[in-house]
Amino acid sequence: MKSYLDVPEDFESSYIYKASTENIDDFGSSVFAVSYNDIVRIIGAKRRILRYDNNGCGYWEDIPKPDFYETKLYKDEVKEIIANIKKYYMSL
């Protein structure tokens, strides 16, 4: 993927803070999360968009300057959200 950012050649990618699931990645987006004390900061962006050529074949196009979205939650809120998701899927 072509990058529009100035990144040093010796930069090493690390995905330790990546919070995206496979389905989020499959739709051209990324999500990362970090925490400090009792706050979790979640940052997401749509990096690519699915386009179609004249033959109807799909291809991904990078978004040159994607919009980033951010939210901050208390860790207890994140735990509650995850517990509710698990509860929902267990009921299916």
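None of the figures in this text is laboratory data; all of them are computed from the coordinates on show. Predicted model only: the values in this text are computed from it and were never measured. Here the Cβ positions follow ideal geometry from the backbone for every residue, glycine too, while neighbour counts run over all protein chains shown.
Listed cross-link partners Lys46/Lys79; Lys18/Lys79; Lys18/Lys46; Lys18/Lys87; Lys46/Lys72 are compared with a 22 Å cut-off, the Cα-Cα value being larger for Lys46/Lys79; Lys18/Lys87. Computed from Cα positions, the angle between helix 75-90 and the longest principal axis of the chain comes to roughly 80 degrees. Could you tell me which GluC sites (Glu not before Pro) in the chain are loop residues by DSSP with no more than 12 other beta carbons within 10 angstrom of their beta carbon? Qualifying residues, ordered by number: Glu9, Glu12. Enumerate by residue number the chymotrypsin sites (Phe, Trp or Tyr not before Pro) in the chain meeting two conditions: DSSP loop (anything except H, G, I, E, B), and at most 16 other Cβ atoms within 10 Å of the site's Cβ. Listed in order of number, the matching sites are Tyr4, Phe11, Tyr15, Tyr17, Phe27.
The charge dipole of segment 22-91, taken about the Cα centre with unit charges on the Cβ atoms of Lys, Arg (+1) and Asp, Glu (-1), comes to about 140 debye, rounded to the nearest 20. From its DSSP helices (H runs of at least four residues, each -39,500 (n - 2.57)), the chain gives a residue-normalised ellipticity at 222 nm of -7000 deg cm²/dmol. In the elastic network of the chain, a GNM with C-alpha springs shorter than 10 Å, the most mobile of Asn54, Asn23, Asn37 is Asn54. Going toward the positive end of the dipole of segment 22-91, with +1 on Lys and Arg Cβ and -1 on Asp and Glu Cβ, which of Phe32, Asn55, Ala83 do you reach last? Farthest towards the positive end: Ala83.
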